[in-house]
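The values are calculated or read from the model by the stated rules, or taken from the named source; none is laboratory data. Remember, it's a predicted structure, so these values are computed and weren't measured experimentally. So basically every Cβ, Gly included, is an ideal-geometry build from the backbone, and we count neighbours across all protein chains shown.
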Amino acid sequence: MRDHGGNIDWAIGHYGGVPEEWVDLSTGINRMPYPLPALSDAAWRILPTREAQAGLIEAARVTYRSDAPILPVAGAQAAIQMIPRLQPPAEARVLAPTYNEHAATLRAAGWRVEEVSRLEDLLGADLAVVVNPNNPDGRTNDPESLLDLSYGVGRLVVDESFADPRPDLSVAGHAGQNGLVVLRSFGKFYGLAGLRLGFVLADATTINALSDMAGPWPVSGAALEVGRVALADPGWVVETTLRLRQETEKMDGIVAKAGWKLAGGCELFRLYETADAAAAQDRLAQHHIWSRKFPWSDRWLRLGLPGGRNEWNRLEQALK
């Protein structure tokens, strides 16, 4: 198993307690989720229909401002695991450090993978991957630079899993051009990661190939209905984006009092430089607050945003 956040069961087993006592800040999942709508009986009783999938796709098309073909999948992770099989293995480059599944799934499929630190170092790759905004440091690349890059690589995958609060960064409107593939996550911003829903935007040939891999019912009837309703609610998106931006400032202020320095982040998570990340994680875990450290850094600690007054109070008390 590769290193990930969200391993709250390990934390409970190691530090004790029950799930209800823990605040899981180890992921970038919004802890104030979209309110679940009432679902039809058909969402549970029949196989997902083409009509239901078409309704979700149309909602995604409007939200992501794209005319490109779109495939709903069981989370962006499902797409990440299928993309290496779109063509014979060759040379891939990943802008790093970033979400580790991109390089790992490519290597598992036989690709030669180089992890690079500069956007221009991706040039010449048969397949290049950029996460924008990046996880875990929140680094961003402007759309113009990414579109220019698409001319210099065989296929460019832009993972926009954390881009919902930053539509100005998105290249979804250009998906399908010059081999550009865009991934979107639903569960992170909408706070419903257990629904397992994401989207791939690309040219028709790529979408057809991924659709064949994903099978006839790539997402559940419940995901189709919830996703369609949520994506068609722009008012909630505006209110949530505003709240998240206010709360990142609040989080940075609380953490600064503990002596940690801001190292990066975006609206859904913050990255801090600590004297000792393992010790910092342990300190929070003693208060049943779970965070994310990284095997390649002994100083960086990532925190998602708490989900209500009680969780904010618990974090502040733990850091005093």
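With 136, 89 as the choices, which residue is closer than 27 Å to residue 240 by Cβ, of a type outside the set (A, V, I, L, M) and at pLDDT 95 or above? Being closer than 27 Å to residue 240 by Cβ, of a type outside the set (A, V, I, L, M) and at pLDDT 95 or above holds for just one of 136, 89, which is 136. Of the helices (runs of 4 or more DSSP H) lying entirely inside segment 1-74, those containing at least 2 residues that are crowded, with 19+ Cβ neighbours inside 10 Å and not assigned by TED's automatic domain parsing to the domain that holds residue 281 span 50-64.
Of the residues screened, residue 275 is one that is in contact with a Gly (Cβ under 9 Å, 6 or more places away or on another chain), surrounded by fewer than 20 Cβ atoms within 10 Å (Cβ to Cβ) and touching a residue at least 24 places away in the same chain (Cβ under 8 Å).
Each residue in segment 171-211 was checked for being in contact with a Phe, Trp or Tyr (Cβ under 8 Å, 6 or more places away or on another chain), closer than 18 Å to residue 232 by Cβ and not charged (D, E, K, R), and 12 of them qualify.
Looking at residue 245, is it basic (Lys, Arg) and surrounded by fewer than 14 Cβ atoms within 10 Å (Cβ to Cβ)? In short, yes. Residues in segment 285-320 that are free of Cβ contacts under 8 Å to residues at least 60 places away in the same chain, assigned to a helix (DSSP H, G or I) and closer than 14 Å to residue 22 by Cα: 310, 313, 318.
All of 55, 17, 5 fail the test of being within 22 Å of residue 266 (Cα to Cα) and either of a type outside the set (D, E, K, R) or touching a residue at least 24 places away in the same chain (Cβ under 8 Å) (or both), apart from 5.
With respect to residue 236, is the statement that it is farther than 17 Å from residue 182 by Cα, assigned to a helix (DSSP H, G or I) and aromatic (Phe, Trp, Tyr) true? Here the answer is yes, as residue 236 does meet what is asked.
Against the test of being within 18 Å of residue 67 (Cβ to Cβ), surrounded by 24 or more Cβ atoms within 10 Å (Cβ to Cβ) and hydrophobic (A, V, I, L, M, F, W, C), the options 158, 129 yield a single qualifying residue, 158.
Within the set 149, 122, 197, the sole residue that is under 19 Å from the mean Cα position of the chain (by Cα), surrounded by 17 or more Cβ atoms within 10 Å (Cβ to Cβ) and modelled with pLDDT of 95 or more turns out to be 197.
Screening the candidates 212, 164 for the property of being part of a loop (DSSP other than H, G, I, E, B), in the same structural domain as residue 99 (by TED's automatic domain parsing) and over 17 Å from residue 129 (Cβ atoms) yields one hit, 164. I'm trying to understand the selection: among the residues of segment 248-272, which are part of a strand (DSSP E or B), surrounded by 15 or more Cβ atoms within 10 Å (Cβ to Cβ) and more than 20 Å from the chain's Cα centre (by Cα)? Of everything in segment 248-272, just one residue is part of a strand (DSSP E or B), surrounded by 15 or more Cβ atoms within 10 Å (Cβ to Cβ) and more than 20 Å from the chain's Cα centre (by Cα), namely 262. Here residue 104 does not fit the description of being assigned by TED's automatic domain parsing to the domain that holds residue 185 and either closer than 18 Å to residue 206 by Cα or surrounded by 20 or more Cβ atoms within 10 Å (Cβ to Cβ) (or both).
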